[in-house]
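S.K.: I have a structure here, written as structure tokens, and I will follow up with some questions on it.
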Amino acid sequence: LTFVLGQYLGEVNQLEKDKRRKLFDFAHKVDEARKLADYKDYDALIRLDEEIAKMTKDFRTGEVTAAVRAQQQLSSLALAGAQQAALNNDVDRAQTLLQKAAEIWPLNPGIKSYGDNMAASANLSGQASVLFDDALKHSEFRRIFERRTELAVGLMSDPVRGPQFKDVIDRMSQVEMALAQEKVAIAQNNAYAAWDVLATASQLAPGDPLLNQRKAELAPRVADYAGRADQAKRSEEAGNPAASLSYYLAVQDMYPASELARVGIEHTTVKLLSQLTAEAGSGDSSAKPDPDSRPK
């Protein structure tokens, strides 16, 4: 450094000792600034730039600061792009942009935060996946629903579990709505309407403990009605639409406004007509329903 400054030049030796010390100090700081620029330690460079600016009036500190801030901004923009790519599950692009951000500004504090967040996210995602898979395996939809907030964070970028999670939440939201409607029907002393709501919701979450508890509490009040509705469903599942239709009509007799009966009558009628048409085409009329077979 002394050689570069030309310590032994006459012009330098003629300076007063205090001025020579300030000159060497200034030169030392400028040289240190060059090294910081090479290392891309931009925060330290800005601080040193401010110190140099106090030592001389004609040092272009504003230009240095502007150039450094521009590099920092480019690094932050690349890092933001990496974060967005990660959210979109575009791993390759996220890695490319992260590398670019680090090349521009290796000491960018956002890079460490990004890494910490990704590690935490991966850990959370792993925990969420284990919990979700176990609950889904046992059809414990309410367990998933009750922990939906924390699971959403861990599963939102999972291409397989994400849609499954959304489906469960949609189902359970409808179940919760049904439970609220059942309370209203009970308050209006309309047990049949309450049963219809619970029976329909059971198709969405058959094993839901709260739903089954409500059905068990209500069952004694609607035993005949629930029994005929169950027989209608069983007959339909057994491929006997004629008997199923008869039971649904019996359900409707007990509660004319029954939505469960209306829907059942509609689709069993379609199935029965289709069956009769097929039998007529084959010349077999033995399976026509007995008009007197309707449950009393």
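S.K.: Determine which single condition Gln71 fails, assuming it passes every other condition in (1) over 16 Å from the mean Cα position of the chain (by Cα); (2) at pLDDT 85 or above.
M.R.: It is condition (2) that Gln71 fails.
S.K.: Going through Ala261, Ala242 one at a time, which residue ends up being buried (at least 22 other Cβ atoms within 10 Å of the Cβ) and either in a loop (DSSP other than H, G, I, E, B) or at pLDDT below 95 (or both)?
M.R.: Sole residue among the options that is buried (at least 22 other Cβ atoms within 10 Å of the Cβ) and either in a loop (DSSP other than H, G, I, E, B) or at pLDDT below 95 (or both): Ala261.
S.K.: Now, a different point. Filter the range 149-161 for residues that are crowded, with 16+ Cβ neighbours inside 10 Å and out of contact with any Lys or Arg (no Cβ under 6 Å at 6 or more places or on another chain) and give the result.
M.R.: Within the range 149-161, Leu151, Gly154, Met156, Asp158, Arg161 qualify.
S.K.: Here is a follow-up. Residue under question is Leu107, and the condition is that it be assigned to a helix (DSSP H, G or I) and more than 30 Å from Gly162 (Cα to Cα); does it hold?
M.R.: Taking the combined requirement at face value, the residue does not satisfy it.
S.K.: Right, another one. Is it true that some residue in the range 80-92 is touching a helix residue (DSSP H, G or I) at 6+ places or on another chain (Cβ under 7 Å), at pLDDT 85 or above and open to solvent by 70 Å² or more (accessible area, probe 1.4 Å)?
M.R.: No, that holds for no residue.
S.K.: Taking the conditions exactly as written (over 22 Å from Gln252 (Cα atoms), surrounded by 13 or more Cβ atoms within 10 Å (Cβ to Cβ) and either modelled with pLDDT of 90 or more or touching a helix residue (DSSP H, G or I) at 6+ places or on another chain (Cβ under 9 Å) (or both)), does Asn190 satisfy them or not?
M.R.: In short, no.
S.K.: One residue is enough: does the range 153-170 have a residue meeting the conditions within 15 Å of the chain's Cα centre (by Cα), of a type in the set (Val, Ile, Thr) and closer than 17 Å to Ala201 by Cα?
M.R.: Yes, the conditions are met somewhere in the range 153-170.
The values are calculated or read from the model by the stated rules, or taken from the named source; none is laboratory data. Treat the numbers as computed from the prediction; the structure is a model and nothing was measured. No Cβ is skipped: glycine too gets one built from the backbone with ideal geometry, and neighbour counts run over all protein chains shown. The area values use the complete protein model at the heavy-atom level, side chains included, leaving out ligands, DNA and RNA. Shrake-Rupley method; radii C 1.70, N 1.55, O 1.52, S 1.80 Å.
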